[in-house]
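The values are calculated or read from the model by the stated rules, or taken from the named source; none is laboratory data. What you are looking at is a predicted structure, and each value in this text was computed from that prediction instead of being measured. Note that each Cβ is placed from the backbone with ideal geometry, even for glycine, and that neighbours are counted across all protein chains shown.
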2 protein chains.
Amino acid sequence: MTDYKKLWESMDIDLEKHDQLCNLLPGFFADVYLSQENRPEGMNYFNLVVSSIHGLRPEELKRHKDDGGKVVGTFCVYVPDELIVAAGAIGIGLCGGSQFWVPDGEKVLPKNTCPLIKSFMGAKITRTCPYFQSCDLLVGETTCDGKKKAWEILENYADIHVMHLPQMKRDVDIKAWVQEIEILKEKLEKLTGNEITPDKLKDAIRLINEKRRALKRLYELRKARPVPISGKDALLVSQIAFYDDPERFTSKVNDLCDELEERVKSGEGVFPAHAKRILITGTPMAIPNWKLHHIVESSGAVVVCEETCTGTRYFENFVEEASNTLEGQFRALAERYMKTNCACFTPNRGRIDDIIRLAREYEADGVIYYNLQFCQPYAVEYELVRRALQKEGIPVILIETDYSENDSEQVKTRVQAFLEMLG
Amino acid sequence: MTDYKKLWESMDIDLEKHDQLCNLLPGFFADVYLSQENRPEGMNYFNLVVSSIHGLRPEELKRHKDDGGKVVGTFCVYVPDELIVAAGAIGIGLCGGSQFWVPDGEKVLPKNTCPLIKSFMGAKITRTCPYFQSCDLLVGETTCDGKKKAWEILENYADIHVMHLPQMKRDVDIKAWVQEIEILKEKLEKLTGNEITPDKLKDAIRLINEKRRALKRLYELRKARPVPISGKDALLVSQIAFYDDPERFTSKVNDLCDELEERVKSGEGVFPAHAKRILITGTPMAIPNWKLHHIVESSGAVVVCEETCTGTRYFENFVEEASNTLEGQFRALAERYMKTNCACFTPNRGRIDDIIRLAREYEADGVIYYNLQFCQPYAVEYELVRRALQKEGIPVILIETDYSENDSEQVKTRVQAFLEMLG
């Protein structure tokens, strides 16, 4: 711990406040995760990563920076990690999932802002997140109103580059996204002093595609009945994908998948075969937001898939690897990223198709539409999803909640009533 | 009234529900408007227009449609009216300002959506607004999340074309807005069967510029001390600008201004010269949303200017009239519209500059930052405005409210405390 204290000091972390934060996680993680039975051995790596979340990986970032490397923070699955990797920088997803930071976020943002935004804002302004503190540049985007406007506050505390994400998906919009990728490329080259060449970008595209393939493999295994891994564990893996070293992460996920394949072959599961299977769709769940998964899985059902940014949206669709020119690679990147169906786009019919497809593929008994409070795009889109799922005969419930524990009992009651209704 | 009943039937209006709505307005208008003392004679025209809001103008729309003309509904000051006029259609601003429609809007939209959006949605789905019912096409835009996503619900009830408004103001964004104007042009030509020629567009640009000039003249006169017209009356004129015939409206505003000029010359005012002068900045106030103005002016202060979409944003900046080609005209339109500073853009420093400039020009004693509940862009931007005004020594207060009367007393208490603080 002494070593980490030096590390944190070097990052200008508010040590006193940071201690308060660090004291919360171990007990919480033990309650939610370590209490699970029959967990795969392959989860040990991910347990370690999360239990030393403010130590191990931040230390790697520090070493990278000491060697002259740069760290770039992002907040959205539309920002192409490939460019960051190709520039020799390390990319870190910074979305906040902790209630700890919310009150400080509310000092500069309206209370009726989504908790994810208030949380990352609080993390930055209190200087209690080693990932934020490691970043040489933040990359924002014009997705939702909350984030779009939060950058204007955040820029008082950190360097930030904002990408203009189109709000539609016509060909003209994909072309516009190519332009934004070009602008980001120049920004990253300037930051790192490294040129992004077609070769480097090709390697980066392959690396990130491999990560996607590993996550896809993990998710495919969740289609088994009984399911070989809990939704909570799968969620943790997805969350760690945003900040771990991509190569090591991919290898560890594949190790886990090897083990799960054996489980599937032998019919071994973590929940009975008859347990109700739940698809969660909606807003992202940043670490340590395990609230809804914990409620569902403490109620005897199992989460088999997440149609969220910390789920299928993160890894579905691969970047075409064939091109050897930056022009072709940028187009391939833009096309891949614009296939992701977030409610910040209009229209967004593709997401409804995704939900129906995933509900069938994963044999979900019901869908929980998860909405972070005050997230307007997903809140409005619920009405359209509800209508479409009703037509398909797929039960759905809306759970709108924040990061606090205030409404946990209420959410639990609603989830349990929904599960009973599934029969 | 019998005539109007036939008119409304022809528009597929829900007569019973519409009667309930129509019964509310006269008493409300009398309380808020007709109770004012020493109103300009020139307001008589606007009183007439509003007192027959569902009759006179809708009848004109009906005649226009009977002659083969088209009516196009809009929701935002970024949509160029000039194109609609040049296509021989009539443009109507459809933003909802009545609490009457909110509960019906909430049937398809989340409760925590801004009342303006819930209101226009309720107006359409209940078929109780003759303006909505007259429209052959609605034109939406990707401004805020609430509206961006509301179109996907609204398209189940009406034909809608959505313009992709960029979220930034770089040159690439102005070019993108030119493209959107071109797409709208084709859409309108198809709808009306009329070609938009440079000559027609030139006339339309002049016509709408004239309207802007008249409103600018009205606002300039509000700089006088004592102020020759109440904020409530000026607001009403601005609100009517969105749906009245532009030529007649301009002429009536100029008549009013002639009268106000006389008042200014003779030092005649509607409030004492020492009355506190308030600049309102923030979200639009669609008819009949007179809540905040009524509270301010019932408390002895006077609203001298609105930095809102139903205020200066509507008429500041003129379209360059010189160009004789569509290409040049589209560029001129895009440049003019992209000068408007709405919080849906990032960054939006121009708005802060506008507020400071207007506060000085209108000799405002204080600024009320008006935010419709759940409008995230303006809510987040408050923090930046507050910091900037504090630096300039200009007092500011945030009033966040909806269309209901539930919080009127609370708002009144806060406004009065603010006015007292101004000394």
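What to note about this one:
- Considering residues of the stretch A:142-151 that are buried (at least 24 other Cβ atoms within 10 Å of the Cβ) and touching a strand residue (DSSP E or B) at 6+ places or on another chain (Cβ under 7 Å) only, the residue nearest to residue A:12 (Cα to Cα): A:147
- Residue selection: residue B:185 fails the criterion of being without any contact (Cβ under 8 Å) to a residue 12 or more places away in the chain and assigned to a helix (DSSP H, G or I).
- Test: residue B:118 is within 30 Å of residue B:176 (Cα to Cα), crowded, with 24+ Cβ neighbours inside 10 Å and more than 9 Å from chain A (Cβ to nearest Cβ): yes
Every residue, every condition in (1) over 15 Å from residue B:132 (Cα atoms); (2) β-branched (Val, Ile, Thr); (3) touching a residue at least 12 places away in the same chain (Cβ under 8 Å); (4) surrounded by 12 or more Cβ atoms within 10 Å (Cβ to Cβ), yes or no:
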residue	(1), (2), (3), (4)
B:5	yes, no, no, yes
B:16	yes, no, no, no
B:19	yes, no, no, yes
B:40	yes, no, yes, yes
B:58	no, no, yes, yes
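- Test: residue B:132 is touching a Gly at 6+ places or on another chain (Cβ under 6 Å), assigned to a helix (DSSP H, G or I), more than 30 Å from residue B:324 (Cβ to Cβ) and more than 9 Å from every other protein chain (Cβ to nearest Cβ): no
- None of A:320, A:316 is in contact (Cβ under 8 Å) with a residue 60 or more places away in the chain and either surrounded by 20 or more Cβ atoms within 10 Å (Cβ to Cβ) or within 27 Å of residue A:204 (Cα to Cα) (or both) except A:316.
- Residue that is touching a Gly at 6+ places or on another chain (Cβ under 8 Å) and over 26 Å from residue A:25 (Cα atoms), where the choices are A:333, A:326, A:279, A:358: A:279
- Listed by position, the helices (runs of 4 or more DSSP H) contained in the stretch A:313-423 that have at least 1 residues being at pLDDT 95 or above and farther than 30 Å from residue A:182 by Cα are A:349-361, A:376-392, A:408-421.
- If you go through the stretch B:146-201 and keep only what is of a type in the set (S, T, N, Q) and either more than 14 Å from chain A (Cβ to nearest Cβ) or touching a His at 6+ places or on another chain (Cβ under 8 Å) (or both), you end up with B:167, B:192, B:194, B:197.
- Condition check for residue B:218: within 30 Å of residue B:124 (Cβ to Cβ), assigned to a helix (DSSP H, G or I) and in contact with a helix residue (DSSP H, G or I) (Cβ under 7 Å, 6 or more places away or on another chain): no
- Test for residue B:350: is it surrounded by fewer than 21 Cβ atoms within 10 Å (Cβ to Cβ) and within 14 Å of chain A (Cβ to nearest Cβ): yes
- Boolean, residue B:263 is among the charged types (D, E, K, R) and surrounded by 22 or more Cβ atoms within 10 Å (Cβ to Cβ): no
- Segments classed as helices (runs of 4 or more DSSP H), wholly inside the stretch B:2-110, with at least 3 members that are under 18 Å from the mean Cα position of the chain (by Cα): B:43-51, B:81-86
- Checking the stated criteria, residue B:358 turns out not to satisfy the condition of being aliphatic (A, V, I, L, M), surrounded by 15 or more Cβ atoms within 10 Å (Cβ to Cβ) and over 20 Å from the mean Cα position of the chain (by Cα).
- The stretch A:126-157, residues that are of a type in the set (A, V, I, L, M, F, W, C), more than 14 Å from residue A:80 (Cα to Cα) and within 22 Å of the chain's Cα centre (by Cα): A:129, A:132, A:135, A:137, A:144, A:150, A:151, A:154
- Subset of the stretch B:364-402 that is among the charged types (D, E, K, R) and within 23 Å of the chain's Cα centre (by Cα) - its residue that is surrounded by the most Cβ atoms within 10 Å (Cβ to Cβ): B:381
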